[in-house]
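The values are calculated or read from the model by the stated rules, or taken from the named source; none is laboratory data. No experiment lies behind these values; they were computed from the predicted model shown. A quick note on method: Cβ atoms are made from the backbone with ideal geometry, for glycine too, and the neighbour counts reach across all protein chains shown. We work out accessible area using only protein heavy atoms, side chains counted, and drop any ligands, DNA or RNA first. Shrake-Rupley method; radii C 1.70, N 1.55, O 1.52, S 1.80 Å.
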Amino acid sequence: MPRVTRWFLRAALVHLAVALLLGWLLGLGRLVALPPVLAAASPVYFHLFMLGGVAQFIIGVAWWMFPPLSKERPRGNEALAWSVFFLLNGGLILRAICEPWVAVDPQPIARWGLLLSAMALVAAGWIFTGLLWPRVKGK
């Protein structure tokens, strides 16, 4: 298994655990009053679960298992795969910080952080699509 795949899978499990903990805390909000920043974290729960847990797991396995590109470089540009890893995880962490912040106190720096996180997540998706496309397009 490629090293980058192992890191994608590890990060997916961490994001999944954090998302489940956050979901539990949000569910606790039905019984007790939560701090406003935590109460505003519902979209963060969704992003950590779906992008951080599910999508990242899929990306890691796809990078490993999709058809080889060539004998010399079966998976393509590994440096770009690492950039996907860092953009995805950095974007998710930035989103987890800025999204509740914007909901509670919409400061310009929080809004810019949220925009930057969205740009990082979109860039990760496009780069990964570009990496896998040659491996599945056929000859």
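Any residue at all in segment 73-80 that's of a type in the set (D, E), within 23 Å of P2 (Cβ to Cβ) and in a helix (DSSP H, G or I)?
Start the filter on segment 73-80 by keeping residues that are of a type in the set (D, E), which leaves 78.
Of the ones still in play, those that are also within 23 Å of P2 (Cβ to Cβ) are 78.
From the residues that got through so far, the ones that are in a helix (DSSP H, G or I) too are 78.
Within segment 73-80, one or more residues are of a type in the set (D, E), within 23 Å of P2 (Cβ to Cβ) and in a helix (DSSP H, G or I).
Within segment 60-78, residues that are open to solvent by 90 Å² or more (accessible area, probe 1.4 Å) reach partners that are not in a helix (DSSP H, G or I) with beta carbons closer than 6 Å, at six or more positions or on different chains, in the pairs P68/P74.
Within segment 35-54, the set of residues being open to solvent by less than 30 Å² (accessible area, probe 1.4 Å), part of a helix (DSSP H, G or I) and either within 19 Å of W126 (Cβ to Cβ) or touching a residue at least 60 places away in the same chain (Cβ under 8 Å) (or both) comprises G52 only. Residue count for segment 95-139 satisfying the condition of being charged (D, E, K, R) and either touching a residue at least 24 places away in the same chain (Cβ under 8 Å) or open to solvent by less than 40 Å² (accessible area, probe 1.4 Å) (or both): 3. Taking segment 1-34 as the range and being open to solvent by 70 Å² or more (accessible area, probe 1.4 Å) and more than 14 Å from the chain's Cα centre (by Cα) as the test, the residues that pass are M1, R3, R6, L20, L21, W24, R30, L31, V32, A33. Mind listing whichever residues of segment 80-94 are in contact (Cβ under 8 Å) with a residue 24 or more places away in the chain, within 16 Å of W63 (Cβ to Cβ) and out of contact with any His (no Cβ under 9 Å at 6 or more places or on another chain)? Once the filter is applied, which keeps residues that are in contact (Cβ under 8 Å) with a residue 24 or more places away in the chain, within 16 Å of W63 (Cβ to Cβ) and out of contact with any His (no Cβ under 9 Å at 6 or more places or on another chain), segment 80-94 yields L80, A81, W82, S83, V84, F85, L87, L88.
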